[in-house]
Amino acid sequence: MNGGHLPTAASDDLKSPLLPVVHNDEPFEKQTLGHHLRTIFTPKNCYIALGPLLCAVVCLCARLGGEDTTTAKNMLGVLVWMFAWWLTEAVPMPITSLSPLFLFPLFGITTADHVASSYMDDVISLVLGSFILALAVEHYNIHRRLALNITMVFCVEPLNAPLLLLGICATTAFVSMWMHNVAATVMMMPVATGILQRLPSSPSSSSEMVPPAVGKFCRAVVLGVIYSAVVGGMSTLTGTGVNLILVGMWKSYFPEADPISFSQWFFFGFPLALCLFVVLWGILCVLYCPKGSGKLLSPYLHKSHLRTELEMLGPMSFAEKMVLSVFGGLVVLWMTRNITDDIPGWGCIFNGRVGDGTVSVMMATLLFIIPNGIKKGEKLMDWGKCKKLPWNIVLLLGAGFAIADGVRTSGLAEVLSKGLVFLETAPYWAIAPTVCLIAASITEFTSNNATTTLLVPLLIEIAKNMQIHPLLLMVPGAIGSQFAFLLPTGTPSNVVGFTTGHIEIKDMIKTGLPLKIAGTAFLSVLMPTLGILLILLYPPLSV
């Protein structure tokens, strides 16, 4: 008994402030007018003012044509405001993503309740559940065990450098299929660099004569990880936020149509990703794995090294087996919820009331129920382990859905699409690669999600005017926005690889440019063929 007093921890929790108290111990300095001005007129504050200033200019001066375009002008002004803040990072990206919650009602675009609903729907549920499962995989070090096991399969004797590179890239692509590509890159890069640490360093920092093949292989591994994560993420809905934004916009613009399911996207996305993966591996082998490189690398890379690291992890624990079981069950449920019209899947039992997000959250909930077998009363996951949930990505997805809905309801999409009317007379085989290239060019300077959010509503209006199925333009635009292969700033995955110090911008351009061209070519061929078969799964739409 504690004499009626609360436990110390609980007492401290009640007394402690929500945020730590900051004490200013610096000596007092008289603050003059010049000092105040210097603290106010900083570059960051100028960028903050740039957003509303550009919005005011657009709302007051823009001439969109038509009779009543006030709401469309306001929406365009809000878009300019948000993209100015996103590009300059004047305000943290998650906070900018929340700005539609007050900007849309204040500018008369939509009601507060309506815009708030964009931040929590089945797609957002899908993301949250997937991220919780990814955190469980990371917490129990399953990704490292998986990477070592798969890499050992490809680390044959005598060493074959292209085959080992294939193992590292294939592992990264597989991991990226089931979690966000940035998370997959962050997970796999330490594994890849751990392998590279066995190789001798550069000649400038070592007395040992280092063969050029060693440096080339290091570049190939880092480039393979960052690009394989992007390519693997294209094949599933959960692999990248762009696919989720596309699904959310389809649901927002065409609520009467069947939603795009996990399995239906996989049947289109996986063949595309597989073709791109083969090209990526071929490019890396030609540029960075010359003949005889395996013989030069074999003194530093032995299968025994990988086996030793795997033995250090010990046998698979009960917790790891349970997490893998839950993860595998989730994938099976995703793939079988809605298959075809003839084979409807288990989702028909619930009359279409369940979605992929329903399954994702349900399976994630099991992690908080199943014991971990380590300590009595402990479960596989607790909320403390979920503090690393990437809420910035969740909020960005919500902002994307809100912007898509605002562009549609305000009439801005219809107005802007008139500027691209020249595309309506062009044949589809020419439009698909054009749309893909436009998206692939913009995405080098803005985020993939922002590019998709901007382009897809316009492509929907163009598809309506062309009297073709909207997905025939939406998919090339969304896929093209993921082809950020040329610059380190194109995507966070590129930044992760660039900070290792093994690659330079010229390496990214040399590898990324042919990969971008190949992706555009594959997409141009697959959309009128496999894409048509995918679209036939949906009932005809009135476009």
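The values are calculated or read from the model by the stated rules, or taken from the named source; none is laboratory data. Only a predicted model underlies this, so the values are computations on that prediction, with no experimental measurement involved. Glycine gets a Cβ as well: all are built from the backbone with ideal geometry, and neighbour counts include every protein chain shown. For the accessible areas, the whole protein counts, side chains as well, though only heavy atoms, and no ligand, DNA or RNA atoms are used. Shrake-Rupley method; radii C 1.70, N 1.55, O 1.52, S 1.80 Å.
I'm trying to understand the selection: among the residues of region 169-183, which are without any contact (Cβ under 8 Å) to a residue 60 or more places away in the chain and aliphatic (A, V, I, L, M)?
Let us first name the residues in region 169-183 that are without any contact (Cβ under 8 Å) to a residue 60 or more places away in the chain, namely 171, 174-175.
175, the sole residue that qualifies.
Of everything in region 104-147 that's within 30 Å of residue 45 (Cβ to Cβ) and without any contact (Cβ under 8 Å) to a residue 12 or more places away in the chain, which residue is surrounded by the fewest Cβ atoms within 10 Å (Cβ to Cβ)?
Checked region 104-147; the qualifying residue surrounded by the fewest Cβ atoms within 10 Å (Cβ to Cβ) is 106.
Within region 258-275, identify whether any single residue is at pLDDT 90 or above, buried (at least 22 other Cβ atoms within 10 Å of the Cβ), out of contact with any strand residue (DSSP E or B) (no Cβ under 6 Å at 6 or more places or on another chain) and closer than 22 Å to residue 227 by Cα, and answer yes or no. Please lay out each step first, then the result.
Filtering region 258-275 for residues at pLDDT 90 or above gives 270-275.
Filter once more, keeping what is buried (at least 22 other Cβ atoms within 10 Å of the Cβ): 272-273.
Among the residues that remain, those that are also out of contact with any strand residue (DSSP E or B) (no Cβ under 6 Å at 6 or more places or on another chain) are: 272-273.
In the following step, the residues that additionally are closer than 22 Å to residue 227 by Cα were identified as 272-273.
Checked against the condition, which is being at pLDDT 90 or above, buried (at least 22 other Cβ atoms within 10 Å of the Cβ), out of contact with any strand residue (DSSP E or B) (no Cβ under 6 Å at 6 or more places or on another chain) and closer than 22 Å to residue 227 by Cα, region 258-275 yields at least one hit.
Confirm whether residue 319 is touching a residue at least 24 places away in the same chain (Cβ under 8 Å) and closer than 17 Å to residue 125 by Cα.
no
Any residue at all in region 438-451 that's modelled with pLDDT of 80 or more, over 19 Å from the mean Cα position of the chain (by Cα) and assigned to a helix (DSSP H, G or I)?
In the first step, residues of region 438-451 are kept if they are modelled with pLDDT of 80 or more; the result is 438-441.
Filter again for over 19 Å from the mean Cα position of the chain (by Cα), leaving 438.
Applying the additional criterion that residues be assigned to a helix (DSSP H, G or I) yields 438.
Looking through region 438-451, at least one residue is modelled with pLDDT of 80 or more, over 19 Å from the mean Cα position of the chain (by Cα) and assigned to a helix (DSSP H, G or I).
Would you mind stating whether residue 460 is assigned to a loop (DSSP other than H, G, I, E, B) and out of contact with any His (no Cβ under 9 Å at 6 or more places or on another chain)? Working first, answer last.
Values: assigned to a loop (DSSP other than H, G, I, E, B): no; out of contact with any His (no Cβ under 9 Å at 6 or more places or on another chain): yes.
Criteria not met by residue 460.
In region 307-322, is there at least one residue being modelled with pLDDT under 80, part of a loop (DSSP other than H, G, I, E, B) and either closer than 22 Å to residue 172 by Cβ or open to solvent by 80 Å² or more (accessible area, probe 1.4 Å) (or both)?
no
May I ask you to verify whether residue 383 is surrounded by 14 or more Cβ atoms within 10 Å (Cβ to Cβ) and closer than 21 Å to residue 127 by Cβ?
Details: surrounded by 14 or more Cβ atoms within 10 Å (Cβ to Cβ): no; closer than 21 Å to residue 127 by Cβ: yes.
For residue 383, the condition - surrounded by 14 or more Cβ atoms within 10 Å (Cβ to Cβ) and closer than 21 Å to residue 127 by Cβ - is not met.
Taking region 230-250, which residues are in contact with a Phe, Trp or Tyr (Cβ under 8 Å, 6 or more places away or on another chain) and part of a helix (DSSP H, G or I)?
First pass over region 230-250, keeping only residues in contact with a Phe, Trp or Tyr (Cβ under 8 Å, 6 or more places away or on another chain): 230-232, 235-239, 243, 245, 247-249.
Selection gives 230, 231, 232, 237, 238, 239, 243, 245, 247, 248, 249.
One residue is enough: does region 348-357 have a residue meeting the conditions open to solvent by 60 Å² or more (accessible area, probe 1.4 Å) and under 18 Å from residue 140 (Cβ atoms)?
The answer is no; no qualifying residue exists.
Mind checking which residues of region 148-171 are open to solvent by 40 Å² or more (accessible area, probe 1.4 Å), assigned to a helix (DSSP H, G or I) and either more than 18 Å from residue 280 (Cα to Cα) or outside the structural domain of residue 222 (by the TED database) (or both)?
149, 150, 153
With the condition kept exactly as written, say whether any residue in region 93-103 is open to solvent by 30 Å² or more (accessible area, probe 1.4 Å) and either among the acidic types (Asp, Glu) or not in a helix (DSSP H, G or I) (or both). Before the answer, list the steps.
First pass over region 93-103, keeping only residues open to solvent by 30 Å² or more (accessible area, probe 1.4 Å): 93-95, 98, 101-102.
Remaining after also requiring either among the acidic types (Asp, Glu) or not in a helix (DSSP H, G or I) (or both): none.
Checked region 93-103: no residue is open to solvent by 30 Å² or more (accessible area, probe 1.4 Å) and either among the acidic types (Asp, Glu) or not in a helix (DSSP H, G or I) (or both).
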